[in-house]
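The values are calculated or read from the model by the stated rules, or taken from the named source; none is laboratory data. Computed from a predicted structure; not experimentally measured. Quick reminder, even Gly has a Cβ in these numbers, built from the backbone with ideal geometry, and neighbours come from all protein chains shown. With ligands, DNA and RNA removed, areas are computed over all heavy atoms of the protein, side chains included. Shrake-Rupley method; radii C 1.70, N 1.55, O 1.52, S 1.80 Å.
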Amino acid sequence: MLAGEVYSAVDPELLRELNATKDLIYEYNQLRPSQQAERLMLLKRLLGHIADDEIFINQPFLCDYGSQISVGRRFFANFGFTVLDEAPVTIGDDCFIGPNVSIYTACHSTDPVERNTRQEWARPVTIGDNVWIGGSVTILPGVTIGSGTTIGAGSVVVSDIPAGVVAVGNPCRVVRRL
């Protein structure tokens, strides 16, 4: 799975890992907002890498494995952040994620017969430093977003976006250089 090769989405070992993560996610989402120390402790157990303790993810937060997610310094994500991390998701320093943002790494066949075999593959997502992702953005597998970029609310990011731009739309496209 992590090598980008085809894998079975119903592999017993993967399902055990998914369920263990779901239990931690459940615990995280049940904590009171004022329980900052407990929230940080659970995020440290959930995520693969956290650059510092200045991480804040509003509840609810959802992910598949968590261990494939790496966030930089001073990371902030608003309500409803969803990450399907079958491949690495790397987010740089000083990134702001708006409400209801989804990052997907899992890929499925468009052929229904093939798709129903539960075989899939995954592609990593990389987000540079100082990036702002507006509310309700969807980022698809294999995308890289360059540092200093803003992605406008409601965008669907289907391909790489360069550094230092404002990009919006479906599909997301550059509308201005910064």
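Just a few scattered comments:
- DSSP bridge orientation in segment 66-178 - percent antiparallel, rounded to nearest 5: 20 percent
- Accessible area in square angstrom per residue, segment 51-178, 1.4 angstrom probe: 43 Å²
- Which labelled figure in [x] 1.26; [y] 1.08; [z] 0.97 is Rg/Rh (Cα atoms, Kirkwood Rh), once derived from the coordinates: [z]
- Percent RCO, i.e. relative contact order, over the chain, from Cα pairs under 8 Å lying at least 6 residues apart: 15 percent
- MRE, 222 nm, helices only [DSSP H, n ≥ 4, -39500 (n - 2.57), over the chain, to nearest 500]: -6000 deg cm²/dmol
- Once the chain from residue 29 to residue 11 is taken as fully extended at 0.36 nm per residue, the excess over their C-alpha distance is 3.8 nm.
- Segment residue 96..residue 123, full-extension length gain: 7.5 nm, with 0.36 nm per residue of separation and the alpha-carbon distance subtracted.
- The stretch between residue 41 and residue 116, if pulled fully straight at 0.36 nm per residue, gains 23.2 nm over its current Cα-Cα span.
- Spatial separation of Cα centroids for segment 1-25 and segment 118-157, in angstrom: 22 Å
- Of the residues 34, 98, 80, the one whose Cα sits farthest towards the positive end of the charge dipole of segment 1-117 is 34 (charges of +1 on Lys and Arg Cβ, -1 on Asp and Glu Cβ, taken about the Cα centre).
- The residues 160, 85, sorted by heavy-atom accessible surface at 1.4 Å with ligands and nucleic acids left out, run 160, 85 from largest to smallest.
- Mean separation of Cα contacts under 8 Å, 6 or more apart, over the residue count of segment 1-105: relative contact order %: 22 percent
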